[in-house]
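Below is one structure, written out as structure tokens; the observations come after it.
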Amino acid sequence: MYIMDYHHHTNHSFDSKVVMNEVCTEAIHRNINEICFTEHYSLNPLAPTYGHINLKRYIKDIEQCRAQFEGKLVIKAGIEICEPHLLKSEYQKVLEPLQLDFILGSVHNINDKKLRLYLQHKTVEEVYGGYFEELYNLVKHADIDVLAHIDLMKRYAIKVHGNYDFDQFKPQLKDILTKAIERNIGIEINTSGMRSSLAEPLPSQAVLKLYKELGGELLTVGSDSHKVETVGDHISEAIALAKECGFRYVFTYDKRQPSAISI
């Protein structure tokens, strides 16, 4: 089986200290065939990610690792943009010259507040409903390839409000997924929740099944790892889950063009 990890962070992200070539070495040790680095990036000066990454240095590290591990590991250059729908033209101006392979879009902040701050003093309906509303705005407007960790809010809200009720928020999720399919935007199985107290991927199996029922096909798998030792974590389980939900392929990207990998 061809194994890929399409969501990984290094010290080019503000919340990781790992070095790229060490991640690549461990990926090879774990029999991973392909990795896509997806460093956090924001042009919003109020976002925690703002100002950390040096894009030229990042691309240089990618190129050096490609040379170092040629024939052993396929290495793709990606980015994870925080709230890309808010500054769409500015992102395009900066990122287009880089010819990235893959762009993830995510909601980490709402009204310039981190999710864990946004959820304070709100009802469960306001917390999850507000998050999914922002995610819909993202998928409606942003220039991205894949929606990252669709139900991320549960990571922060679960201690206060518990996990969300799928049936309650199904209409919003259906709108998000329908718009994604309409705009040829994929979703990911993000395995970070499987190594936490959540004990489930992001999104949940119910969301994955809904995506498939609506005609969604574009699916990537990623560990969302910020450490060397968790590269490729739970990817095999994610692929098994994709099969269980009726998917026949997961996808890799090259210069933002998807390619199907049979599972």
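Taking the Cα of His52, stepping 7 Å toward and past its beta carbon, and measuring to each backbone N in the stretch 232-252: which are under 17 Å?
What the label zone holds, given the 17 Å backbone N cut-off, is no residue at all.
In debye to the nearest 20, how big a dipole does the chain give about its Cα centre with +1 on each Lys and Arg Cβ and -1 on each Asp and Glu Cβ?
For this selection, approximately 180 debye.
Just to be sure I understand: with springs between alpha-carbon atoms less than 10 Å apart, which residue in Lys179, Lys60, Lys209 has the highest mean-square fluctuation in the Gaussian network model of the chain?
Among Lys179, Lys60, Lys209, the largest GNM mean-square fluctuation belongs to Lys60.
Can you bin the stretch 168-263 into rounded, prolate or oblate? Criterion: square roots of the alpha carbon gyration tensor eigenvalues sorted a ≥ b ≥ c, rounded for a/c under 1.5, prolate for a/b above b/c, oblate for the rest.
Because a/c hits 1.5 or more and a/b fails to exceed b/c, the stretch 168-263 counts as oblate.
Which Cα, out of His29, Leu87, Ser196, lies furthest along the positive dipole direction of the chain (beta carbon charges, K/R +1, D/E -1)?
Among His29, Leu87, Ser196, the one farthest towards the positive end of the dipole of the chain is Leu87.
Taking 0.36 nm per intervening residue step and subtracting the Cα-Cα distance, what contour gain separates Lys114 from Ile263 on full extension?
Here the answer is 50.0 nm.
What is the dipole size for the stretch 133-263, taken about its Cα centre, with +1 at each Lys and Arg Cβ and -1 at each Asp and Glu Cβ, in debye to the nearest 20?
The calculated dipole for the stretch 133-263 is roughly 60 debye.
With a 1.4 Å probe and every protein chain kept in, tell me what percent of the accessible surface of the stretch 25-72 is carbon plus sulfur.
46 percent
Using a 7 Å offset from Cα along Cα-Cβ at Tyr2, what residues in the stretch 241-263 end up with backbone N under 18 Å from the label point?
From the stretch 241-263, the list is 242-243, 247-263.
Over the alpha-carbon set of the chain, work out the extent along each principal axis and list the three values in angstrom, largest first.
Sorted from largest, the Cα extents of the chain read 51, 42, 34 Å.
Compute the Cα gyration tensor for the stretch 1-82, then decide on rounded, prolate or oblate, letting a ≥ b ≥ c be the square roots of its eigenvalues: rounded whenever a/c is under 1.5, prolate when a/b is larger than b/c in the other cases, and oblate in all that remain.
Because a/c hits 1.5 or more and a/b exceeds b/c, the stretch 1-82 counts as prolate.
What is the pair-distance distribution P(r) of the stretch 45-149, computed from all Cα-Cα distances in 5 Å bins starting at 0, with each bin given as a whole percent?
2, 11, 19, 20, 17, 12, 9, 6, 3, 1, 0
Roughly how much of Cys65 is accessible, in Å² to the nearest 10, using a 1.4 Å probe?
That residue has around 10 Å² of solvent-accessible surface.
Averaged per residue, what accessible surface does the chain expose to a 1.4 Å probe, in Å²?
Details: 11680 Å² over 263 residues.
Here the per-residue accessible area is 44 Å².
Determine the share of the stretch 109-263's accessible area contributed by carbon and sulfur atoms, expressed in whole percent, with a 1.4 angstrom probe.
45 percent
The values are calculated or read from the model by the stated rules, or taken from the named source; none is laboratory data. This one's a predicted model, so the numbers in the text were calculated from it and none came from an experiment. Backbone-built Cβ (ideal geometry, glycine too); neighbour counts: all protein chains shown. These area figures cover heavy atoms from the full protein model, side chains too; ligands, DNA and RNA do not enter into them. Shrake-Rupley method; radii C 1.70, N 1.55, O 1.52, S 1.80 Å.
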